[in-house]
Every structure is written in structure tokens, then in C-alpha cells.
Amino acid sequence: MIVGGARPNFMKIAPLIHELKRKSRGFGWKLVHTGQHYDYEMSKVFFDELDIKKPDYFLKTGGGTQSSQTAAIMTEFEKVFLKERPDITVVVGDVNSTLACSLVAKKFGGRIAHVEAGLRSGDLAMPEEINRIVTDSIADFLFVTEKDAVVNLLNEGKPKNRIFFVGNIMIDTLLYGLKKIKTRKMKWPRENDYAVATLHRPANVDDAKSLRKFLGVFREISEDMKVCFSVHPRTAKNIKKFGLSKMLSGSNVEILPPLSYLDFLALWKNAKLVLTDSGGIQEETTFLGIPCLTLRDNTERPITITQGTNVLAGTDAKKIMRAYRKSFSGKSKRKKSPPKFWDGRTAARILDILAREARV
Ligand code: UD1
């Protein structure tokens, strides 16, 4: 049973589905969408663009607090689990759906495969960090994107034979997307230099002072080049709630809605710079060698710094502006070769391992 729930999950389940269609390896499978994300732009458009079939189950669990949302996903997923009794539940990433469905599956004696296991930010104030730690503590198959994650899991006492370094499944989708956009008319064509910005972490956007600071940074950078700011629903709600809508008016910051996977890819792949607090975008920009300033104080994806184009710019406005200037001083890091196993074959590796280890 393959589970997805929120926007960053869909590009991680798509390659598994494509690969299962190509070669089933004896697996029957069902797809569950927990409904954590439900807007067209946050969910269905990814199914359409990435050729993911309609889910067998769509649960209505979106919105609410951390606890009420997690509880709703558990309650609804339990019904599906009991009906289908899957041998293996495949969860991806670190969102509340990942945690909730893992807990349900394990309590009924199911086996869990966690794709993107072992990443650690060391920051327990992030709900995702709690989701990662708990999911990995009960998962049977720990599929890992980078070597640092193997070390984290071993340090936590996970047995070696449960850890599988398979590479980054998002790169499977990135390569798929790059092929698709070749023949597609883009929605947001650009000619001059521009930056792309995204921001949605609760720590950054749920506090008025913090959100105002980031909008100020985008405004300042937009004096040099256009900043295309794709606004997440959480951030949009807060900009309105805190009365910050006027902060960007008259500036060279262009407000965009949440973009589809392919529209966003077409936009950031030609950007001069990406500013983000997303996890996945740090990895994607590393793969294509686009400079990325991460607007956080930590990252669970250290390989994007040691081997990639990512710079941890922090959350202090002055520090971010210093990192921004440095990124154009000629000293910025350019692409070397992509990290090991970020090659478009990760889904195949995962399914080969599951077919072998799970003795299907
Ligand atoms: C979730 C994930 C985060 C991921 C992010 C990507 C957790 C803990 N967090 O955060 O790791 O990076 O998704 O987007 O799982 N909303 C809509 N429409 C939607 C989805 C959400 O309006 O389609 C609103 C919700 O009602 C809520 C807010 O956006 O008010 C936040 O949604 P939620 O799923 O709680 O968390 P994200 O901030 O999206």
C-alpha cells in the first residue's frame, strides 16, 4: 500500500507507481491519498502532471492542528488498513501523513517501508523532525537518500540490515519532469535574471515579526532582480491575517500562487537564485546546480551543502543579505557531479530490495 498525503509526497510516490507499472515484481498494490493537502494546486495537479493514477482511497483529513490532523489521518487510514490488510505500507518523507499511517500499520503488525529515512535536522521544534524520528523508530525498511542519513540511523541503533542506501527518489521525478517540459508551453516565461522564493515553515511564517522580516528581505533583493514568490496557502493566510499584504506592493516581487510541479520546475531551473525554506528544493537545486539560499538555521540534508549549491543563509535578515551578496561574488559553489545514486533509478532499487527482502 503506497501512501501520499501532502504536496512534497507526490513527487516521491510517482516513480514507485511508474516502476510498478513497468515491472510489478509480483506485487499487487493500492494507492491511498490521506487528503492532508486538498487544494487543486497542492494536490491533484501533481497527479495529473506526474501521471499518477486516481487514488484507490481518498481520505478527508486536511486542515486542523498538528494533533487533530494526525488523529484524523490515523482514524481514517485505520479503516482502509483493516479492509486491505497490506503486507507492506510504503510511506515517504516527513509529513503528518507519514507518521500517522506508519503508526496505524505497525500497530496491526504490518511492515513499513520508509522512503527518505534517516534525515535529521536536530531541531525538535519542527514537526517534521518528530515525524522522521518516530517513523524511523518503527520502520522495517529504511530507504536512505544520502550517506549522512545512514550514519544517523546507525547512531540511533538501527540494525544495519534494515538500512538501504538507494539514492534520491525525487531525482527520478525531476528527470521525468525535465523530459515533459521540453514540449510544454510554460505558464510563467521569463527573459531577464530573476530569483524564485518559497516560504512556508511554521517557524518562519506563523509569527508576524518573522514573516515581515522575510518579506522585507525579498523586497530588498527585488531591487536587484525580480523575485518570483510562489505563496503557499499557510503563508497566504498569515500575510492576510497579519495585515502584511501591502508590504510588497510597488516592489519588484511578483506574487504567484502555489505552482504545479512542471510550472515550478520550468521556473526555478532557469533562475539565477532560489530562496527557500523547503527541504526538497534544496536537493533539486543541488542536482541542477542552481544556487540556493536556505532560509533556516539548520538542514536535515547536509549533502546539499557539502556536495551541492545550497547555503544555509539562516533566519536573520542581515545574515541572509550577506549570504545573498556572497552568492554573486564569484565565490559561490557551482555544481560538481550529483551525489551518489541521484540518478533516476531509485524507485527500481527500492522495489528490487522489497521484492527480495520481503520474499514476495
Ligand atoms: C505540510 C508538511 C510540511 C511540508 C508542507 C508542504 C507536516 C507537519 N507539514 O505543511 O512538511 O513541507 O506540507 O506544503 O505535515 N492548506 C490549504 N490547502 C491545502 C493544504 C493546506 O489551504 O491544499 C492550508 C491548511 O488548511 C492549513 C495550512 O494550509 O491551514 C497548512 O497545511 P498543513 O497540511 O497543516 O501543513 P503545511 O504547512 O502545508
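Every read-out reported here was derived from the displayed coordinates using simple, explicitly stated rules and does not represent laboratory data. Keep in mind that what you see is a predicted model, and the values were worked out from it rather than measured. No Cβ is skipped: glycine too gets one built from the backbone with ideal geometry, and neighbour counts run over all protein chains shown.
Since only 144, 205, 268 are under comparison, the one whose Cα sits farthest along the positive direction of the charge dipole of the chain, derived from C-beta charges on Lys, Arg, Asp and Glu, is 268. Largest first, the three principal axis extents of the alpha carbons in region 202-343 are 45, 31, 26 Å in whole numbers. Counting every other Cβ atom within 10 Å of each residue's Cβ, 130, 239 order from fewest to most as 130, 239.
Net length available on complete extension from residue 75 to residue 326 is 85.4 nm, with 0.36 nm assigned per residue and the Cα-Cα distance removed. Descending by average beta-carbon neighbour count within 10 Å, the peptides 78-84, 302-308, 194-200 line up as 194-200, 302-308, 78-84, the highest first. Counting beta carbons within 10 Å around each of 268, 29 and listing the fewest first gives the order 29, 268. Partners of residue 241 within straight-line reach, counting aspartates and glutamates whose Cα lies under 15 Å from its Cα and excluding those fewer than 8 residues away in the same chain: 206, 207. Rounded to the nearest whole Hz, the Karplus-based 3J(HN,Hα) values (6.51 cos²θ - 1.76 cosθ + 1.60, θ = phi - 60°) of region 229-246 follow the sequence 10, 8, 9, 5, x, 4, 5, 4, 4, 6, 4, 5, 4, 8, x, 9, 4, 6, with x at glycine and proline. Measure nothing fancy, just the Cα-based angle from helix 127-138's long axis to the longest principal axis of the chain, in degrees from 0 to 90, nearest 10. Between helix and principal axis, roughly 20 degrees. Exposure proxy ranking for 132, 212, based on other Cβ atoms within 10 angstrom of each Cβ and starting from the fewest, stands as 212, 132.
For residue 36, the residues 5 or more places off, or on other chains, whose built amide H falls under 5 Å of its own are 61. Taking max minus min of the alpha-carbon positions on each principal axis, region 215-289 gives extents of 37, 27, 18 Å, largest first. Result for the chain in a Gaussian network model with C-alpha springs under 10 Å: among 345, 234, 111, the largest mean-square fluctuation is at 234. 3J(HN,Hα) along region 186-192: 7, 7, 10, x, 9, 10, 7 Hz, from the Karplus curve 6.51 cos²θ - 1.76 cosθ + 1.60 with θ = phi - 60°, whole Hz, x for Gly and Pro. The angle between the Cα long axis of helix 96-107 and the main principal axis of the chain comes to about 10°, on a 0 to 90 degree scale. Evaluating 6.51 cos²θ - 1.76 cosθ + 1.60 at θ = phi - 60° for every residue in region 255-269, the Karplus couplings come out as 7, 10, x, x, 9, 5, 4, 6, 5, 5, 4, 4, 6, 6, 5 Hz, glycine and proline recorded as x. If you wrap the tightest convex hull around every Cα atom of region 1-47 and split its volume per residue, you get 58 Å³. Here region 281-359 and region 202-232 have alpha carbon centers that stand 21 Å from each other. Around the amide H of residue 227, modelled in the peptide plane, lie the amide H atoms of 195, 253, 254, all under 5 Å away and 5 or more residues distant in sequence or on another chain.
Structural size metrics of region 35-97, computed from C-alpha coordinates, are Rg and Dmax of 12.5, 32 Å.
The equivalent ellipsoid of the chain has semi-axes of 33, 22, 20 Å, largest first, where each one is the square root of 5 times an eigenvalue of the Cα gyration tensor. When the pairs 23/60; 246/272; 44/79; 180/226; 60/240 are compared against a 29 Å limit on Cα-Cα distance, 23/60 fall above it. Charged side chains reduced to their Cβ positions (Lys and Arg at +1, Asp and Glu at -1) give region 215-312 a dipole of some 400 debye around its Cα centre. Per residue of the chain, the DSSP helices (runs of n ≥ 4 H) give a summed -39500 (n - 2.57) that works out to -13000 deg cm²/dmol at 222 nm. Helix 7-22 and the longest principal axis of the Cα set of the chain meet at an angle near 50°.
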